[in-house]
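Notes to accompany the following structure.
The values are calculated or read from the model by the stated rules, or taken from the named source; none is laboratory data. What you are looking at is a predicted structure, and each value in this text was computed from that prediction instead of being measured. Cβ atoms come from the backbone with ideal geometry, glycine included; neighbour counts cover every protein chain shown.
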Ligand SMILES: Cc1ncc(COP(=O)(O)O)c(C=O)c1O
């Protein structure tokens, strides 16, 4: 069993290290000393190549809302694959998924599919620039929006470089100064400071981008006052408001915007709308989406992709979203509440200092008790980050998978009994961590 050097996962990692820089092709899934390799998944559980089955709270980083290999998704996709997987032609499947999302979400009148959330955010930013003729994008300090250069700015700024007022800090080495110059960084949920910064850049600002529940800002929701300010000020200065609902769509039948308000011009989706297959989408009001319309010549924002709207993804996404009824959302909400209660209980029972945040069917574990209001207050000190990695490892050994940053994303096929089991494993793991740290008294 992981992390046994004689395990099959260890042997696979040795082979991976020969062909991949750093031994992996996806930074997110790296685990020290080597990752657990998956063999198969069914429902709420994943079985690894050594035959160990664990309860999976990652659900491929929030992309599987009904767990692994849901029978309805598998049946529809299997039928679809036999008819061909991709064409240089549109298919009805994209219209069906498009109609569903446009019907559900008020400010989604039109939609355009792509292949990842990163791509969706990139295209949304380009659309905002085309729409306004302005270069700059404002984003929340610390918020993750995928891999586009502009979206990555200030993703991992730290106390040594974040400055008094947030400044644009490069994420990837070699990020051009021009990129940093065109990203305006604003603090999460600080109405006054954010408004001041936005207004100072008003003439050059194409859009403000916000994930309404940014995990890196502590997985707490944007306040109604903050969202209201963003909407009012962007309208006033002629910039667009972009919601990143790549993860947050899992928070409401009518989108996170239906739950929290905000009235965005553009919204990005990904993850659950692909039903377990690669996907992304840019959506919005007819006015904002007009930049993609080619009918009067070259569109202001040309957007295409070889695999965009492929019928396999569209089919899996449609079945997944059809299963995601208002009742199903209620169930996910109840599961999320139960999970957070169990985690809080585990901290109380173990005596380990910590807390849990989250909304709907997602949670984030913090190994400190400081109040969490934004990126800076949620920022993990080195010993806390190390503690979370240790907790992740301990839970893997106990049969549970959370992210190595303490995040969990529930699926509709989980049960209260699963969560109780997790609560017990978490209590034991925290107790062990406490004694390893000499923290218990
Ligand atoms: C809020 C948010 N936006 C964008 C992305 C990027 O999506 P993808 O990994 O599909 O490129 C992510 C991925 O986790 C995300 O959480």
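A quick yes/no check of all residues on (1) touching a strand residue (DSSP E or B) at 6+ places or on another chain (Cβ under 6 Å); (2) more than 16 Å from the ligand (Cβ to nearest atom); (3) under 29 Å from residue 283 (Cα atoms):
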residue: 22; (1), (2), (3): no, yes, no
residue: 64; (1), (2), (3): no, no, yes
residue: 68; (1), (2), (3): yes, yes, yes
residue: 81; (1), (2), (3): no, yes, yes
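Got at least one residue in segment 317-339 being in contact with a strand residue (DSSP E or B) (Cβ under 6 Å, 6 or more places away or on another chain) and crowded, with 21+ Cβ neighbours inside 10 Å?
Step one: of segment 317-339, the residues in contact with a strand residue (DSSP E or B) (Cβ under 6 Å, 6 or more places away or on another chain) are 339.
If we keep only those that are crowded, with 21+ Cβ neighbours inside 10 Å as well, we get 339.
Yes, the conditions are met somewhere in segment 317-339.
Just to be sure before I move on: is residue 301 more than 26 Å from residue 130 (Cβ to Cβ) and surrounded by 20 or more Cβ atoms within 10 Å (Cβ to Cβ) in the structure I sent? It is false that residue 301 is more than 26 Å from residue 130 (Cβ to Cβ) and surrounded by 20 or more Cβ atoms within 10 Å (Cβ to Cβ).
The helices (runs of 4 or more DSSP H) falling completely within segment 352-441 that include 3 or more residues that are at pLDDT 95 or above and closer than 14 Å to residue 55 by Cα map to 382-397, 416-437. Screening residue 363 against (1) in contact with a strand residue (DSSP E or B) (Cβ under 7 Å, 6 or more places away or on another chain); (2) over 14 Å from residue 347 (Cβ atoms) leaves a single unmet condition, (2). Of all the listed residues (220, 237), the sole one being more than 27 Å from residue 290 (Cα to Cα), touching a strand residue (DSSP E or B) at 6+ places or on another chain (Cβ under 8 Å) and surrounded by fewer than 23 Cβ atoms within 10 Å (Cβ to Cβ) is 220.
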